[in-house]
Each structure stands twice: as structure tokens, then as C-alpha cells.
1. Please work out the C-alpha center-to-center distance from region 1-46 to region 72-88 and express it in whole Å.
2. For T73 and L49, what is the calculated FRET efficiency with R₀ set at 25 Å and r taken between the beta-carbons, to the nearest 0.05?
3. For the chain, give the magnitude of the charge dipole about the Cα centre (Cβ charges: +1 Lys/Arg, -1 Asp/Glu; no others), in debye to the nearest 20.
4. Computed from the mean reciprocal separation of all distinct C-alpha pairs, what Kirkwood hydrodynamic radius does the chain have, in Å?
5. What are the residues whose amide H is under 5 Å from the amide H of S74, where those residues sit 5 or more places off or on another chain and H is modelled from the backbone?
6. Which residue, S17, S45, S58, tops the fluctuation ranking in a GNM of the chain built on C-alpha contacts under 10 Å?
7. Lys/Arg Cβ at +1, Asp/Glu Cβ at -1, dipole of the chain taken about the Cα centre: which of A84, N7, W31 is farthest positive-ward?
8. Please check the chain for the longest run free of chymotrypsin sites (Phe, Trp or Tyr not before Pro) that are loop-located per DSSP (anything but H, G, I, E, B) and have at most 14 other Cβ atoms within 10 Å.
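Only the coordinates and a few stated rules stand behind these numbers; no lab work does. Source: prediction; values computed, not measured. FYI the Cβ positions are ideal-geometry reconstructions off the backbone, even for glycines, and counts take in every protein chain you see.
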Amino acid sequence: MATISFNPSANANFQFSPVLDGLTYTAICTWNIYRGGYYINIYNSSRALVMSRPIIASPDDYNINLVFGYFRTSTLVYRASSTAFEINP
């Protein structure tokens with residue numbers, strides 16, 4: 001499992017490169033002013049948008065998989081207590 005600390009900035013999007021189902025993607029977290037929260041956008045190597053979803057924080061005793069329905073074996077969880085993404089490729 002890989003852990004990525006989520007450090008958003010008011011001036012720039014937060015970006016990281018997770019490995020999901022064996023392939024490397026680009027994840028960009030953006031602020032949505034209308035929702036008042038962050039969205040995670042996953043792009044493939046051709047820079048095509050694969051999925052976009054609001055970031056929902058998971059408590060310590062439960063995992064909310066942000067990529068459920070898009071990837072077969074990988075999970076991407078945003079942990080509320082550690083403010084970090086947990087990636088199981």
C-alpha cells in the first residue's frame with residue numbers, strides 16, 4: 001500500500017501519480033466552488049479523463065473506495081484522520 005499526503009494549496013491543484021490496475025495514471029485534485037469541496041480527476045497516459053468524483057473522507061474503521069466502478073482490483077481511499085490517500089494497486 002502506498003500513502004500520499006494530501007496537501008492542497010489555494011493557488012494550485014494537488015497532483016500525484018497512482019498505479020491502478022498495474023498502470024500509472026495522473027490524479028489531479030481540484031477545488032469545486034459550487035460543491036464547496038475537492039474532486040479527484042484521474043487521467044490516463046494519453047491525458048484523457050478516465051473518472052471524476054468528489055473526495056469523500058473515510059473514517060479509520062471503514063474504507064470508501066474513490067475509484068470503485070472504474071478499476072477492477074485497485075483501491076484509492078482518502079483517510080480523514082491522516083489527510084492522506086491510501087493506494088492499493
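1. 11
2. After rounding, the FRET efficiency stands at 0.75.
3. So the magnitude is around 280 debye.
4. 13.2
5. Long-range HN contacts for S74: D21.
6. S45
7. Ranked along the dipole, the leading option is W31.
8. By the stated rule (loop sites, at most 14 other Cβ atoms within 10 Å), 1-33.
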